[in-house]
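Heads up: the structure comes next, in structure tokens.
Rule-based calculations on the coordinates, nothing more; no lab input. Source: prediction; values computed, not measured. Cβ coordinates were reconstructed from backbone atoms using ideal geometry, including for glycine residues, and neighbour counts include every protein chain displayed.
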Amino acid sequence: MTNPPSSNLALSAKARRTHEQPISYLITEAMRNPKLINLAAGLVDPLTLPVAECEAITRRLFADPARARCALQYDTTLGLQALREATLRHMESLEGLSASAMGLDAEHVVITTGSQQALYLVGDALVDPGDIVIAANPSYFVFTGTLSSLGATVLPVPMDEDGMDVEAVERLLARLQKDGRLSKVKLVYCTSYYQNTTGLTLSAERRPRLLEIVRRYSDAAGHRILILEDAAYRELRYDGPAHRSIKSYDAANLFTIISHTFSKPFAPGIKLGYSAMPNDLLHAILQQKGNHDFGSANLTQYVALETLTDGSYHKHVVELQQAYRAKRDAMLEALDQLMPGTPGLRWTRAHGGLYVWLMLPEGIDTSRGSPFFADCIKRGVLYVPGAYCFQPDPATGRIPTHHLRLSFGQVAPDQIEPGIQRLAAGVRQQPGVHAPPAREPATVSR
């Protein structure tokens, strides 16, 4: 066979900007060593998946030939009309508000192939190379990786116990305006409920305030700056207040996008999300989605519709809340009992979601290439290095390397304490850490 004139493949600029997601390496590591206790995977508990509910739904669907043919046929790019109406009613119940009070109807809702597709499509429709997206630090690293592949500059703002520091957003926007760069700002990305990665939630007071800031600076930018509200974990609430969304304060439906998913509160295998957004953005999103798939899988849309209307969705969410609350409590109790009581070591106490964010003393490097990470693997426990979740500090270029993310989602309940025990043993071996295990609850920290 004749060799080609050159062995170099001419990849697109976007392909060259796209790097392997960190989670791919962590999944490979977990599969390579099945004895690892995997506290890294942000996956749902396999024992809680709604097998019986889905069996009953699909039996009903296929017992009716007319409905079965509809479910097995194409639908629209926007998504099944009845499902969009049902998800809008569900959003009304979550908000305690009518759709009209939020400037919404079913034509503002799009069904996507998981909420990750919605995040990607929003970025693709809004962001040109060199545009700016503001995000919390730390943040959901899969989406910030997507933004990097689109050529965006992701500028970070800090978090505290009340979530994204929205006053820091205002200061950043003011600085960008002064520097003549405000017109480059397209999006503020905010995980408003039980954030992946920290588990922290945006406080009630900060939600309308963030919207107010974005509205004001949109005038100076010459275009609407949008808030992308990622609400993937919203329904996994175990205690604490049930906050209204940022979206609920946007009565004219002009400045906010909210993205929900069926993956976390029901089943990731049906691979569906739903998002509500301004009409002009929705039009652009549909053009992009048409290039992707002409509409998400219709059969699973019928499954989602059935579970929302037959009562099984709500019942399953309640069961998940009970199961995950017990796992969260087990992880927090194990951390309280087993982690050394050394200064600088603390963790978050989330009211929902699947994550605990652990901050170690600054001298302990938790990054993937560190001796600590290798030691934890050797001890049989896996975590997500916190460095994956940070953007570089704009002033120094530095990324903190003394954090890690733990997930209690997939791990079996009886493996939580042994996993924390292995992790705590690794921490106690670090220089300067010789304190006995903590017996008092640790304080919440970012």
Translational diffusion coefficient (Stokes-Einstein; Kirkwood radius from C-alpha pairs) of segment 111-166 at 10 °C, 1.306 mPa s, in µm²/s: 133 µm²/s
Kirkwood hydrodynamic radius (C-alpha pairs) into Stokes-Einstein, the chain, 37 °C and 0.692 mPa s, D in µm²/s: 143 µm²/s
Amide H of Thr256 versus every other amide H placed in the peptide plane: which residues, excluding those fewer than 5 positions away on the same chain, fall under 5 Å? Ile227
Hey, any idea what the orientation-averaged projected area of the convex hull of segment 284-370's Cα atoms comes to, in nm²? 10.6 nm²
What does DSSP give for segment 195-351 in terms of the percent of beta bridges that are antiparallel, rounded to the nearest 5? 50 percent
P(r) tail fraction, segment 257-328 - alpha-carbon pairs more than 18 Å apart, %: 52 percent
Per-residue counts of other Cβ atoms within 10 Å, averaged by peptide: what ranking do you get for 188-194, 139-145, 278-284, highest first? 188-194, 139-145, 278-284
Ellipticity estimate at 222 nm from DSSP helix runs (n ≥ 4, -39,500 (n - 2.57)) divided over the chain, nearest 500: -13000 deg cm²/dmol
Using only the alpha carbons of segment 21-140, what is the convex hull's orientation-averaged projected area in square nanometres? 12.4 nm²
Return the tail of the calculated pair distribution for segment 143-246, meaning the percent of Cα-Cα pairs more than 18 Å apart. 49 percent
So, by mean Cβ neighbours within 10 angstrom, what's the order for 66-78, 347-359 with the highest one leading? 347-359, 66-78
Report the Cα centroid-to-centroid distance between segment 226-244 and segment 351-404 in angstrom, as an integer. 25 Å
Within the chain, the percent of DSSP beta bridges that are antiparallel, given to the nearest 5, stands at 50 percent
Shape descriptor, segment 187-227: equivalent ellipsoid semi-axes (Cα gyration tensor, sqrt 5λ, whole Å, largest first) stand at 23, 11, 5
Using DSSP H assignments, which helices in the chain have an axial alpha-carbon span of 27 Å or above and a mean Kyte-Doolittle hydropathy of 1.6 or higher? none
Roughly how far apart, in whole Å, are the Cα centres of segment 291-327 and segment 162-214? 30 Å
Show me, bin by bin at 5 Å from 0, the whole-percent P(r) of segment 300-446 based on Cα pairs. 2, 9, 17, 20, 18, 12, 8, 6, 5, 3, 1, 0
Considering only Cα-Cα distances, which of the following residue pairs are longer than 32 Å: Lys184/Lys247; Lys264/Lys289; Lys14/Lys327? Lys14/Lys327
Once phi is turned into θ = phi - 60°, what whole-Hz ³J(HN,Hα) does the Karplus curve with 6.51, -1.76 and 1.60 give for every residue of segment 249-266, x standing for Gly and Pro? 8, 9, 4, 8, 6, 10, 10, 9, 10, 10, 10, 10, 9, 8, 5, 7, x, 9
